[in-house]
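One structure below.
The values are calculated or read from the model by the stated rules, or taken from the named source; none is laboratory data. Since we're looking at a predicted model, the values are computed, not measured. Ideal geometry is used to build each Cβ from the backbone, glycine not excepted, and the neighbour counts take in all protein chains shown. With ligands, DNA and RNA removed, areas are computed over all heavy atoms of the protein, side chains included. Shrake-Rupley method; radii C 1.70, N 1.55, O 1.52, S 1.80 Å.
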Amino acid sequence: MKDELKYKHLAEQAAREHRRERKIRTIAFLKRKSAAAALLVLVLITLAAVFAPLVAPYPDQGKGAVNLGERLQPLSGKHLLGTDTFGRDILSRLVYGARVSIFGGLFIVCAAALIGVPLGLWAGYSEGAPGVVISRIGEILISFPAVLIAIAITTVIGAGLTSAVIALIIPWWPWYARIIQGEVLRLKRMLFVEAAQMLGYGKSYILFRHLLPNIMRTVMVMMLLDFGPAIISIGLLGFLGLGTQPPNADWGLMVWEGAPNLMQQPWIAISPGAAMFILVMAFNIFGDNLQDYLDG
Amino acid sequence: MGEVLIRTQSLRTWFPKRKSLLGKPGAWLKAVDDVSLTIYRGECLGLAGESGCGKSTLGRTILQLVKPRSGSVRFDGTALRNLDFRQLQPFRPRMQMVFQDPRSSLNPKMTMLKILAEAIRANPDHDGDSILDQAVELADMVDLRPEHLFRYPHEFSGGQQQRICIARALATCPDFIVFDESTSALDVSVQAQILNLIKRLKQRLGLTYLFISHDLNVLAQVCERIAVMYAGQIVEIQESGRLFSSPGHPYTRGLRDAVPIADPEAKQTFVSIKGEVPSLVDPPAGCRFHPRCDFADRLCATRVPELQRLERHRSWIRCHRYRQLNFNQERR
């Protein structure tokens, strides 16, 4: 009994040490100005997207209500980023558009990981046919441009955010499957796998207890670094009219709507473009820093 | 000490080399070719040979990590070759392995306690209540302290990592352990510590093990008998002392003469064995060593020598001419 207490004490001490180590590294991570700034931008944009009805100065215009009395207003105290061809407040529309970018991006990345990671595990861990079949299917899907798939899906279920997101997930998950397959093939040759085999543990035990924990880090970094490209892709499909349909707000769609007036009223197109640029940069900088932190 | 624990008979482990269009192997890499070996309970057998001669593959085949192409492995009377995963499972904890690279042998995401607990649980008749106590005991056996149990592998040095691997191998109270070059990746001083640890454990627990190494000096320290392997075959099995004083096979003599003596005054000439290690895909006809042997005659080039029993206790040799040759303590 006394011995058990002694071990408990040791376990707590070790846990404390590991926590302290992690804390030191986290502080060092946040002290890097680029990481902190990127995190701040991400948090602000996410909060704005979540609480859009409270944040946007003109929530109904953000959702698409027209206000023809104030068409094409330049930047002013009343409309911080001006108004568009229908007189709608651009800042409000940016805030509502952020919902599409953030949640659409999140959905694409999560769905791609949820489909790709299990298939990659399966492809990497089973010898022979499944690996080959999954890789070939993945290669075929990757070779189709998302725009082409989006057009095909649009003809079936109609244009909209849903078809855009589906069109992006289809060629996206194979990247996860491919990277995870490679990781599994690498880890499978590690001796701790053989040691577990020697103890009589079966394939699924080794897969979930030994391989998966060693793969989660790669998946996390990959998801974070994929956010930027996912957001840009949604914007691209919106710009081409294959994504969000007017009068809903979407940054890519807003750029397209502002394009005819680019010479006279540049703020209409530049604001959503700049918003997208800032958000994607923030994700990339944060992702790079996180990768360093996890490797360190 | 007469009880046989492991007996292999004409064991062959071949790997398909090139595959033709139809998926049939065009050539075989004969990593283990006709190996018959007996390991007695309580015995520590060494396995020596150059790199690439099939030592590790032999160890893995005995443990059924690699399936042989033909021949048999009997463990404690049971033939293991045709057992499937389920049937093999009860035997797994009874045979363990310690690998060359301790870093890769430990899952970086698991603490030492988790690693040991996993091994303890693998033993079907373990005592469920006291896994922590058993882990502490195992740590003590390999000279690690209880607080080490809560650390991750990267917090240990290479020597300590190898101690954890040894503790894991002991956790199931195995009948048989294979040490596969377990000290080769370590510094010489650390290597000596690990070898001493293995010697102590051998005395304390009465271990039976196969120690694979390319270093005859290492084997002489921890083994009573040494088997010498060349190009996938056993060429000689001898008592450790005799192997050094009067090697029977010309290859064994070559290996012995290449071992340096730690004496700066001694005038040493290292006689290397001429030629290259033969390919395992297409080994030489007759005696596999004959192209490199100084004593080979026409018979050696044409007929494969059998592994024959010597009059001495548990000694075997695979050489046509061993009766005419007499190598003594004198180095060349």
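With the convex hull drawn around the C-alpha atoms of the range B:125-239, the volume per residue stands at 126 Å³.
For the range A:135-176 versus the range B:155-221, the spacing of their alpha-carbon centroids is 55 Å.
Can you show me the helix-derived [θ] at 222 nm for chain B, built from DSSP H runs with n ≥ 4 at -39,500 (n - 2.57) apiece and divided by the number of residues, rounded to the nearest 500.
Computed mean residue ellipticity for chain B: -8000 deg cm²/dmol.
Computed 3J(HN,Hα) for the range A:75-84, one whole-Hz value per residue from the Karplus formula 6.51 cos²θ - 1.76 cosθ + 1.60 where θ = phi - 60°, is 4, 7, x, 6, 10, 3, 10, x, 10, 9, glycine and proline marked x. Between the amide H of residue A:58 and those of A:92, distances stay under 5 Å, these residues lying 5 or more places away or on another chain, with hydrogens modeled in the peptide plane.
Using heavy atoms of the protein chains and a probe of 1.4 Å, the accessible area assigned to residue B:114 is about 110 Å². Rounded to the nearest 20 debye, the dipole magnitude of the range A:1-70 is 620 debye, with +1 charges on Lys and Arg beta carbons, -1 on Asp and Glu beta carbons, and the Cα centre as origin. GNM on chain A, alpha-carbon springs under 10 angstrom: the most fluctuating residue among A:222, A:198, A:281 is A:198. Only protein heavy atoms count here; under a 1.4 Å probe, residue A:148 has an accessible surface of about 100 Å². Show which lysines lie in cross-link reach of residue A:203 when reach means a straight Cα distance below 29 angstrom and same-chain residues fewer than eight apart are skipped. Candidates past the 8-residue exclusion: A:188, B:17, B:19, B:24, B:30, B:55, B:67, B:109, B:114. For the range A:116-216, the set of GluC sites (Glu not before Pro) satisfying both a DSSP loop assignment and a count of at most 16 other C-beta atoms within 10 Å is given as A:127. The trypsin sites (Lys or Arg not before Pro) of the range B:253-309 that meet both conditions, a loop assignment by DSSP and at most 15 other Cβ atoms within 10 Å of the site Cβ, are B:267, B:274, B:303. Along the axis of the charge dipole computed for the protein assembly as shown (Cβ charges of +1 for Lys and Arg, -1 for Asp and Glu, origin at the Cα centre), the listed residues A:227, A:118, B:285 are led at the positive end by B:285.
Database remark: amide H of residue B:304 closer than 5 angstrom to the amide H of B:286 (H placed geometrically; neighbours at sequence offset of 5 or more, or on other chains; Pro and chain starts carry no H). Beta bridges from DSSP with both residues in the protein assembly as shown: antiparallel share about 65 percent, rounded to the nearest 5.
Which value at 222 nm does chain A reach when only helices count, each DSSP H run of 4 or more adding -39,500 (n - 2.57), with the total divided by all residues and rounded to the nearest 500 deg cm²/dmol? Computed ellipticity for chain A at 222 nm equals -25500 deg cm²/dmol. Sites listed here are chymotrypsin sites (Phe, Trp or Tyr not before Pro) in the range B:252-322 whose DSSP assignment is loop and whose Cβ has at most 13 other Cβ atoms within 10 Å: B:270. Of all DSSP-defined beta bridges confined to chain B, some 65% are antiparallel rather than parallel.
What is the average number of partner chain Cβ atoms found within 10 Å of a Cβ in A:6-13? All intermediate terms of the calculation are to be shown ahead of the outcome.
On the way: counts 3, 9, 1, 2, 8, 7, 1, 2.
Counting other chains' Cβ atoms within 10 Å and averaging over A:6-13 gives 4.
Backbone phi angles across the range A:105-118, fed through the Karplus curve with coefficients 6.51, -1.76 and 1.60 (θ = phi - 60°), yield HN-Hα couplings of x, 4, 5, 4, 5, 5, 5, 4, 5, 5, 7, x, 5, x Hz in residue order; Gly and Pro are listed as x.
Note on the range A:71-214: with charges restricted to the Cβ of Lys and Arg (+1) and Asp and Glu (-1), its dipole about the Cα centre is near 220 debye. Derived scalar couplings between HN and Hα for the range A:145-150 equal x, 4, 4, 4, 4, 4 Hz in order, rounded to whole Hz, by the Karplus curve 6.51 cos²θ - 1.76 cosθ + 1.60 (θ = phi - 60°), x for Gly and Pro. Could you state how much accessible area is buried at the B-A interface, both sides summed, with a 1.4 Å probe, in Å² to the nearest 100? So the buried area, both faces added, is about 2500 Å².
Cα centroids of the range A:178-203 and the range B:224-238: 32 Å apart. The alpha-carbon atoms of the range A:173-294 define a convex hull whose volume equals 124 cubic angstrom per residue. Taking the Cα centre of the range B:1-84 as origin and assigning +1 to Lys and Arg Cβ atoms and -1 to Asp and Glu Cβ atoms, the resulting dipole is close to 540 debye.
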